[in-house]
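Chemist: Here's a structure for you.
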Amino acid sequence: MTETVLSANMELLTFRLAEQEYALDIMSVREIRGWTHATQLPHAPAYMKGVINLRGTVLPVMDLGLRLGLPPREENERNVIIVVKSEDVMTGLLVDAVSDIVAVTGEDLQPPPELSSGASEGVVSSLTLIDERMIRVLNLAATVGTIERTAA
Amino acid sequence: MSEENDPMAEIRASFFIECEELLEALQDGLQTIDDGAADSETINVVFRAVHSIKGGAGAFGLEALVRFAHRFETVLDEVRAGRLTIDDEALKVFFQAADHVSDLVRICRDGADAPDAETAVLIGALDQFLGDTVPEEDAEEPEIEFAPMGLSLDLDLSDASDETEAACPDLDALPPPPDFGAPTGDTAYTITFIPQAEMFETGNEPALLLRNLSQMGDLKVTCDASTLPDLDKITPEVPHLSWTIHLQTDVEEAEIRSIFEFVEGLCVLEIARETGDGGSDGDTTDETPVSPIVDISSETVNTPPPARPPDPPQAPTAPKPAQAAAPNPAEPSQPARAATAPTAAKSVVRVDLDRIERLVNLVGELVINQAMLSQSLEQSGLSPHSDAMSGLEEFQRLTRDIQDSVMMIRAQPVKSLFQRMSRIVRESSAAVSKDVRLNVIGEGTEVDKTVIERLADPLTHMIRNAVDHGLETPEKRIAAGKPAQGQINLSAAHRSGRVVIEISDDGAGINRPRVLQIAIDKGLIPADAQLSDTEIDNLLFLPGFSTASVVSDLSGRGVGMDVVRTSIQALGGRITITSNPGEGSTFSISLPLTLAVLDGMVIKVAGETLVLPLNLVVETLTLSNQDVQMVRPGNQVIEVRSGFVPLFDLGASLGYREPLQNFDGAVVLLIAQEDESCTALLIDNILDQRQVVIKGLDDSFHRAPGIAAATILGDGQIALILDPSDMIANAGATALAPSPPLKTQGVSA
C-alpha cells in the first residue's frame, strides 16, 4: 500500500476529530458511510466501537479519536465512518466529519517531531500545512494494525 | 488453480480430479468384492479404474504411477480373464495396491518423492499372483505405449491414451482372416451392427470390435456400404457403414454382447440366434471372409485423423498369430473407453468451490435482505391482505427454497470420508496385528463439504482408537467367546435435521475402573469422587487423558479424545459415548447439516441482541427471586426439579452490565453442555427463534471468548452468535463446577 510512501504526488482525505484535522491517503479509503449503530464486542478495547453491517460483511469499527487518545465521540448523526483497507483487512474509522480532498507533494509533508508516545506512537506519519491549518497524516497500518496485536 | 493460464496445468488438474473419482470407483469395487457381492462387472470396473489412471498418468509422464498401475492392472487382467481367483490374501494385496495407487497419485500431484521401496514391495506382492504368466515385455510396454501421445493436449486425456492403444494394431495388422482351424462353434448368430453418428466421438473403432468377435469363433462379415456418400460429401467423423455378421461360436450370447458393451447406445445392435443349420446359413450370405478387411480399410478413411498414430515402432504386437489365444493386448483399450463413457453419461458439472461459496454467500444476503424487507413492510402498516404482503410471503417461500437448494449443492455424500476410514482400519489393524472388519452403513448420507473435510481428522483418530483400544486382541476375543475378527461399524444417518455419525466396536467396552483410576492418578478428578458410569465414560474427553498403558504407534500419544471433542464442537456438533462392558462402545457424533446457517434463538441481554444455537437450549424458565440460591457470593444456583444448576449471568460476563441482583421476571435458558451437565444462562428476554446466516468473524477482530460468529438480523443490525460452552469454560472453572445431568428432558427438543 502507498499510505506511508511519501510519493511525489498524493491525494489526502482530510477529516476532523475533536477540532483537529487529520488526513489519510485516499488510496486506502474504500468508502465513507453515515453513522449506524454498532454492535458491541464484549471485552474489546474501549476504542473498538463494535461491528456494523457493511452490505452483508461484518465490519469492525473503531473510534479513531479514542484510538488516538482524544476524548470519546458523542454519538452524533453527523459522525461518519471512513471505511479503509489496510493489508487486506477492512476497518471502519469513526470520525467527526470529513472535510476535503487535497493534493500534496512529497515536499509538503514533514516528519512529525519526536514527541508522541504511548498507544498513538508512530500513528502520525507526517504533518503538512494547508491554508495555514496543520494536518496530521496518519499511518494507517500503525493505526489499524495495533488492534491485531492487542487482540492476539 | 493458480496457474490458470497454463493449459497444461489445467489439464493436469482435471486429470487429478478425475483420478479422485477413479480411485473412489476402485475402492468401491474392491469393497464390493470384499462384501462378496461382486459380479463380473465389478472386476471390470476395478480394472478400468486402474487402467484409466495409468493412461492419464502416461500422458503426463508420471512414470512411477504408470509403472505401478500397469503391474496392478496386469494382475487384475488375470482376474478378469478368469485365470486368477480373488481370495482373501489377494484382496488384501489389492487393497494395499489401491491405497498405494492413491498415494502415488497424491505424490505426483504434490510433487513429492515417490516411495520407491514401498512400490517395489507391493510390485513383488502383486507379481506373486502372476506366477509365470507375466509376460516380460509388460514391464517395458508402458513407455512405448504412451510416449508418443504425451503432447496431444487438445484431446481428452483418457481418450488420448486410448487412441494410442486402439490405434496400435495398425491397419495392416488387422486380424488375419478368421482362422478356420479354430474350434468350430456349435451355435450360429446373426449380428446386425449399425453404428450411429456419435460412435466415433467416443473413440470406438469398429474394426477392433470385429476382430474381437473373430476370436470367438468362425466369423463371416458382410458390409453394407449403401449409405456411403460420395467422397466429396463424406463427413469423416460420422460412420457410414454397417455390418451383418455371422458368427459360429460356442460362447454365450452375453459374451458376444460384452464385446459391444462399450458402444452400447451408440449403435443399433441385434443379435439373433440362427436356428437349425447355422453353417449353411452363413454360406448363403457369404461375401467371402476377406470382406472385413476391405470394409475396414474403407472405414479407416472415415476415422478422424487423431486416431492415426505416428507409427509406433513396436506397437503392433497385437496380431501375432501366436497370441490368438492369449489375452488380446488391444482389449485394455476398450474398458478404458467404457470408463470414460459413464462419466460422460452422468450429467455432472464440476464447479469451482469458490463459485459455490460465492453463491452461498449471495443467498445468505438474499435471506437477510428478505428479512429486512418484510420487517420494514410490516412496520409500514400495510394490510396483511394487500398485494405487497402476499407477494412478500411468496418471496419468503422462494428464498427458503433457494437457500435449501444451494445448501444441497454443497452437500456431499460421506462416502469419500468413509473410504478413507476403511484404509485407516486396514493400516491400523495391520499395525497392531488384529483382524478387523469395517462395516459401513449410510455412506450416501449427504453432509456439507466443509463438515466432511473437517471430520476427517477426528474420525481417523476415533477409528484408530477403536482398533487399538476398543477391540481386544484375537486371543482375548476368543477367550471371551467372540469371533477372532473384530467388527467396527461406521454409520451415518440424517436424524431430525442433523447428521449422526456413529462409530461402534464389538470390543470389551470401556474399562471403567481403570479409567477412573487413571483419572485419579493423573489428578484429573479428586480421589474420592463418586461418578456415574456416564461420567466415567466422559472422563475420556478430559484433556491429557490417555488410557493406553503401552504407547503404540497408532494412538496413545496423549492427544486424545479431548482434541476430537474440540474439533467436533468447532463444527457445532456434539459427541457422546455409550459403552457396555464386554459388548463394545459406541461413539456418536451429532452434527449440523451445514455450517452456513444455524437455527438460533434470538435473545436480548442488557439492550444487546444475541443469538444462541437453538440445539443447545434444553429448556427455558422464568425466574422469581425465590428460585435463586446463593452458594457463596458471586456463585448462585437455581433449583430445577430438585436439582441445582449453576446460574451464569450472561450480561455480566459479557461486560454489558453489572451482575443482576433482582431476578424477578428474568429468563434463564438451560444450556446442555457436551458432558450432559447443564448451566442456566441468565438473560433478559427471548425475542425469536429463526434461522440465521453465519458470518465468520475475522481473526483480525478482537475475539472475545464465547463469541463464535456473527449474523445479520432482519433490521440490518449485527448480532453476535454465542458459544455458551466456550464462554462458561472461560468464565473460570473454579466458579462453576458442572452440575450433574438433568433427569428430565427439556421442552424444546
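Chemist: Each residue of segment B:77-94 in turn: what ³J(HN,Hα) in whole Hz from Karplus with 6.51, -1.76, 1.60 and θ = phi - 60°, glycine and Pro shown as x?
Modeler: Result, ordered by residue: 5, 4, 5, 4, 7, x, 8, 9, 9, 7, 9, 4, 4, 4, 4, 4, 5, 4 Hz.
Chemist: Continuing with the same structure: Give me the number: length gained by fully extending residue B:478 to residue B:253, i.e. 0.36 nm times residue separation minus the C-alpha to C-alpha distance, one decimal in nm.
Modeler: Once the chain is fully extended between residue B:478 and residue B:253, it gains 76.0 nm.
Chemist: Summarise the partner chain shielding of A:85-91 as one whole number: the mean count of Cβ atoms from other chains within 10 Å of each residue's Cβ.
Modeler: Averaged over the peptide's residues, the number is 2.
Chemist: Can you tell me the alpha carbon radius of gyration of segment B:354-412 divided by the globular rule-of-thumb value 2.2 N^0.38 Å?
Modeler: 1.32
Chemist: Among the listed pairs B:92/B:415; B:415/B:482; B:482/B:522; B:476/B:522; B:434/B:522; B:415/B:695, give every one whose C-alpha distance is greater than 22 Å.
Modeler: Over 22 Å apart, Cα to Cα: B:415/B:482; B:482/B:522; B:476/B:522; B:434/B:522; B:415/B:695.
Chemist: Based on the mean of other beta carbon atoms within 10 Å per residue, what is the order of A:93-103, B:626-636, most packed first?
Modeler: Top to bottom by mean Cβ count within 10 Å: A:93-103, B:626-636.
Chemist: Nearest 5 is fine: what % of DSSP beta bridges in segment A:9-151 come out antiparallel, could you say?
Modeler: Rounded to the nearest five, the antiparallel share is 85 percent.
Chemist: Below 8 Å between Cα atoms, with a sequence gap of 6+, how large is the relative contact order for segment B:414-592 in percent?
Modeler: So the answer I get is 24 percent.
Chemist: Which whole number gives the average count of other chain Cβ atoms within 10 Å of the Cβ atoms across peptide A:59-72?
Modeler: 1
Chemist: How far, in nm, would the chain grow between residue B:570 and residue B:270 when pulled straight, counting 0.36 nm per residue and subtracting the alpha carbon separation?
Modeler: Result for the pair: 102.0 nm of gain on full extension.
Chemist: In Å and whole numbers, how far do the C-alpha atoms of segment B:414-592 stretch along each principal axis, longest first?
Modeler: So the three principal-axis extents are 45, 35, 28 Å.
Chemist: Among B:622, A:91, B:85, rank each residue by its count of other Cβ atoms within 10 Å, from fewest to most, as a rough exposure measure.
Modeler: Sorted ascending by nearby Cβ count, the order is B:85, B:622, A:91.
Chemist: Still on this model: Which GluC sites (Glu not before Pro) does segment A:25-128 hold that lie in a coil by DSSP with at most 14 other beta carbons within 10 Å?
Modeler: Qualifying residues, ordered by number: A:74, A:75, A:77, A:87, A:114, A:121.
Chemist: Further question on the same structure: Just subtract the alpha-carbon distance of residue A:77 and residue A:9 from 0.36 nm times their residue separation and send over the number in nm, one decimal.
Modeler: So the extension gain works out to 21.1 nm.
Chemist: I would also like to ask the following. Could you tell me whether segment B:581-670 comes out rounded, prolate or oblate from its Cα gyration tensor? Rule is a ≥ b ≥ c as square roots of the eigenvalues, rounded for a/c under 1.5, then prolate if a/b exceeds b/c, otherwise oblate.
Modeler: Oblate.
Chemist: Among B:600, B:651, B:672, whose Cα lies farthest out toward the positive end of the dipole of segment B:597-730, if unit charges sit on the beta carbon of Lys, Arg (+1) and Asp, Glu (-1)?
Modeler: Highest projection toward the positive end goes to B:651.
Chemist: For B:639, B:502, what ranking results if the residue with the fewest other Cβ atoms within 10 Å of its Cβ goes first?
Modeler: Result, fewest neighbours first: B:639, B:502.
Chemist: What lysines sit close enough to residue B:220 to cross-link, taking a C-alpha to C-alpha distance under 29 Å and skipping anything fewer than 8 places away on the same chain?
Modeler: Leaving aside lysines fewer than 8 places away in the same chain, those within reach of residue B:220 are B:320.
Chemist: So what is the relative contact order for segment A:9-151, in percent, with contacts set as C-alpha pairs under 8 Å and at least six apart?
Modeler: 27 percent
Chemist: Given the peptides A:57-64, B:585-592, B:228-235, B:472-479, arrange them by the average over their residues of other C-beta atoms within 10 Å, most packed first.
Modeler: So the order, starting with the most tightly packed, is A:57-64, B:585-592, B:472-479, B:228-235.
Chemist: While we're here: How crowded by other chains is A:32-43, given as the mean number of beta carbons from other chains within 10 Å of each beta carbon?
Modeler: If you average over the peptide's residues, the count of other-chain Cβ atoms is 5.
Chemist: Determine, from the Cβ-Cβ distance of residue B:81 and residue B:433 and an R0 of 45 Å, the FRET efficiency 1/(1 + (r/R0)^6), rounded to the nearest 0.05.
Modeler: The formula returns an efficiency of 0.85 here.
Chemist: Residue B:60's amide H: which non-local residues (gap 5+, or another chain) put their own amide H closer than 5 Å, with H modeled 1.01 Å from N in plane and none for Pro or chain starts?
Modeler: none
Chemist: With Kirkwood's inverse mean 1/r over C-alpha pairs for Rh, give me the Rg to Rh ratio of segment B:597-730, two decimals please.
Modeler: Checking Rg against Rh, the ratio lands at 0.96.
Read-outs throughout are calculated quantities, based only on the coordinates presented, and are distinct from any laboratory measurement. Just so it is clear, the model here is predicted, and its values are computed rather than measured. Note that we place each Cβ from the backbone using ideal geometry, even for glycine, and neighbour counts take in every protein chain shown.
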